[in-house]
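This report concerns only the one structure given below.
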């Protein structure tokens, strides 16, 4: 279990400035799919109740339908929850010294990367399409000088604000490092578990 | 013309399918909960999520078990009489 007050490899004076997950619209997609997949068979069953009731009372069809129904509803519940876990474990943590990106892909692939703020050269916010414009969510790309790889904050809330915050923190971190006489430490470090 | 062999299977063979699925479900759920607890952010929300998932699973499995308990699983399916299962009560014209 990760604690925001005890980050992995936390440095002295490092504090969490922003903790991000994908926009709640991602949750809405999961909930909508779950509601549709559960309600449609229930509504059909209710509408054709006389037929369904006869099937359920049959000594052979009844058990088969009951088992198929149980497996169906348990599967919908399980896969909705797997999708939720994928959403819940995708996180971005911005501290006053670095950016940490933790990405869950399915149940068995997980990537954790971190990036020193001093190495950030450019942050870009992107809002595309009607939904992203209405609900004010989108992507932020963080580009470093040394590396071609970019940090990608996917479908986060208020990307413009996040971009400005990153730029402000980068400036602050660069000032802090130059006052200490240290150079850029910037590298993307990736750990795949 | 020709005779199909008339073999019987008990209805409870379908329960093995359900049990196999439940094994898969339990394994996948445990993996899911492990991931949430191992990599989730510490806090009340994490416990709430695990509780909701476990509670939902308990309700669905209990509902399934109560529903399945109502059937006579010793009944046998006779493939020779399979045609008898088709009737207008079960498959009415829509």
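Read the figures in this text as sums done on the coordinates, not as results from a lab. No experiment lies behind these values; they were computed from the predicted model shown. Here the Cβ positions follow ideal geometry from the backbone for every residue, glycine too, while neighbour counts run over all protein chains shown.
Listed here are the residues, each with its yes/no results for (1) at the interface with chain B (Cβ under 8 Å from one of its Cβ atoms); (2) surrounded by 15 or more Cβ atoms within 10 Å (Cβ to Cβ).
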site	(1), (2)
A:12	no, no
A:20	no, yes
A:28	no, no
A:65	no, yes
A:82	yes, yes
A:85	yes, yes
A:91	yes, yes
A:98	no, yes
A:109	no, no
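Only one of the numbered conditions (1) within 10 Å of another protein chain (Cβ to nearest Cβ); (2) surrounded by fewer than 16 Cβ atoms within 10 Å (Cβ to Cβ) is violated by residue A:104, and that is (2). State all residues of the range A:160-177 that are in contact with a helix residue (DSSP H, G or I) (Cβ under 8 Å, 6 or more places away or on another chain) and within 16 Å of residue A:139 (Cβ to Cβ); if no residue qualifies, say none. Selection gives A:166 alone. Look at (1) within 25 Å of residue B:61 (Cα to Cα); (2) surrounded by fewer than 19 Cβ atoms within 10 Å (Cβ to Cβ) and you find that residue A:50 fails only one, number (1).
Residues in the range A:30-54 that are away from chain B (no Cβ under 12 Å) and not in a helix (DSSP H, G or I): none.
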